[in-house]
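The values are calculated or read from the model by the stated rules, or taken from the named source; none is laboratory data. Predicted, not measured: the structure shown is a model, and the values here were computed from it. With ligands, DNA and RNA removed, areas are computed over all heavy atoms of the protein, side chains included. Shrake-Rupley method; radii C 1.70, N 1.55, O 1.52, S 1.80 Å.
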Amino acid sequence: MEKNLYNIKRDYLHLVQVVFENEGELTPELDMLLTINKQELTEKSINYVAVIKKVNSDISYIDVEIKRLQELKKTRNKIVELLEKNILDAMQLYEIEKIETPLINISLRKSESIVISVAPEDLPTTLQKIKIETISKIEIKKLLKNGAVFQGVEL
């Protein structure tokens, strides 16, 4: 039966414990078992590295494929936006509010948008939201080590 890394480590630790119990005396049997254990670890590690390389290769391929699909999606979204704009422009040109067919219904609706021409801090505070971009854990750690206390923060 082939051992996994956990069992190899467990067996090795057991052998080391036996050596300690023998007050450091390394019998020929223990020496042989330690050598076999190290060989198993080497072989198993080589196999693990091969699997790691394969998985990393898969990850690289997936990253490339994700990028390709994102570009494809971006292109498709641009096509949709262009086609929608063409429909809108044509309906506005011919002053058509609604197109009804058995398959689809297209209609223009009136919408309102807000244009804010002042800085956010010039608006009443009830309309402002605070957005925290990042928290510096390094700075917090330094402050905590220097005796600062923050509610909900600890080392």
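Residues whose amide H lies under 5 Å from that of Ile99, counting only those 5 or more places away or on a different chain, are Ile106, Ser107; hydrogens are built 1.01 Å from N in the peptide plane. Largest to smallest in accessible area, the residues Lys3, Lys141 fall in the order Lys141, Lys3 (1.4 Å probe, all protein chains included). Report summary: the helix-based calculation at 222 nm, which adds -39500 (n - 2.57) for every DSSP H run with n ≥ 4 and divides by the residues of the chain, gives -21500 deg cm²/dmol. Counting only heavy atoms of the protein chains and using a 1.4 Å probe, Val153 has close to 60 Å² of accessible surface.
Both radii were evaluated on the Cα set of the range 40-101; the Rg over Rh quotient, with Rh as the Kirkwood radius, amounts to 1.57.
Here the range 97-155 has 56 percent of its accessible surface on carbon and sulfur atoms, given a 1.4 Å probe and all protein chains in place. Taken over the chain, the ratio of Cα radius of gyration to 2.2 N^0.38 Å equals 2.27. The range 106-152 has equivalent-ellipsoid semi-axes of 43, 15, 9 Å, by the square roots of 5 times the alpha carbon gyration tensor eigenvalues, sorted largest first. Taking all protein chains together and rolling a 1.4 Å probe, Glu100 ends up with roughly 120 Å² accessible. Over all pairs of different C-alpha atoms, the range 64-144 has a mean inverse distance whose reciprocal, the Kirkwood radius, equals 18.8 Å. The fraction of Cα-Cα pairs per 5 angstrom bin, counted from 0 for the range 1-84, comes to 3, 12, 13, 12, 9, 7, 7, 6, 6, 5, 5, 5, 4, 3, 2, 1, 1 percent, rounded to whole percents.
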